[in-house]
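A.B. asks: The structure follows.
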Amino acid sequence: MQESFLTAFQKLKNYSGEVSFGAWLKRIVINRSLDTLRKRKVLFEELSTDLPVMSEPEHESGENPVTMQDVKSAIQSLPDGYRTILTLILMEGYNHEEVSKILRIKNVTSRTQYSRARQRLRELLVENRTKQIKEDIYGYLG
């Protein structure tokens, strides 16, 4: 983040005002983040289009909902590639076409990685919830 602000400050004279300052700064932050990932050699798997369609899990009544902190923690524990695509699509609002251009990957790769990231995120949330329930039971039983 600090590197992004340093870059923005250095390039401030190049800001033309064609887009909002926030959009300009956001673009710098995203580009710096992607540069960092590329330096760390994060690889995005090229996959075929033959993937099973995953359905959304149904929630039982009376079930404790997942908190935002639970989701943030689970996202942070995802591998870099999954976290990057999930963040660009869910949090930044990019579509697969834009993500594929930003990351220089195929559109199908973006879709596949996004699907796998969502599936892994669900798994992590279930694992964390199961762990929490066990801890609550053990704490209750003393």
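Coordinate-derived values only; no laboratory data. Quantities reported herein were computed from a predicted structural model and do not represent experimental measurements. Positions of Cβ are generated from backbone atoms using ideal geometry, with glycine treated the same way; all protein chains shown enter the neighbour counts.
A.B. asks: Once you have a ≥ b ≥ c as the square roots of the Cα gyration tensor eigenvalues for region 1-41, tell me rounded if a/c is under 1.5, and otherwise prolate or oblate according to whether a/b is larger than b/c.
C.D. replies: prolate
A.B. asks: A further question on this structure: Once the dipole of region 98-142 is set up with Lys and Arg at +1 and Asp and Glu at -1 on Cβ about the Cα centre, which of 115, 126, 103 lies farthest towards its positive end?
C.D. replies: Of the listed residues, the answer is 103.
A.B. asks: Here's something else I'd like to know. Can you compute the modelled spin-label distance between residue 35 and residue 132, with each label point 7 Å from Cα toward Cβ, in nm?
C.D. replies: 3.8
A.B. asks: What's the ranking of 6-13, 68-75 by average number of surrounding C-beta atoms within 10 Å, highest first?
C.D. replies: 68-75, 6-13
A.B. asks: Let me ask you something else. What is the sum of charges around residue 19, taking Lys and Arg as +1, Asp and Glu as -1, for the other residues whose C-beta is under 12 Å from the C-beta of residue 19?
C.D. replies: Here the charged neighbours net out to +1.
A.B. asks: Still on this structure, I have one more. Quote to one decimal, in nm, the extra length available between residue 9 and residue 76 on full extension: 0.36 nm per residue of separation minus the C-alpha distance between them.
C.D. replies: Gain in length upon complete extension: 21.3 nm.
A.B. asks: In the structure displayed, which of 39/106; 13/72; 11/72; 39/131; 13/106 lie more than 26 Å apart, Cα to Cα?
C.D. replies: 13/72; 11/72; 39/131; 13/106
A.B. asks: Is any residue of region 1-37 close enough, with backbone N under 18 Å, to a label point placed 7 angstrom from the Cα of residue 104 along the Cα-Cβ axis, and if so, which?
C.D. replies: From region 1-37, the list is 28-37.
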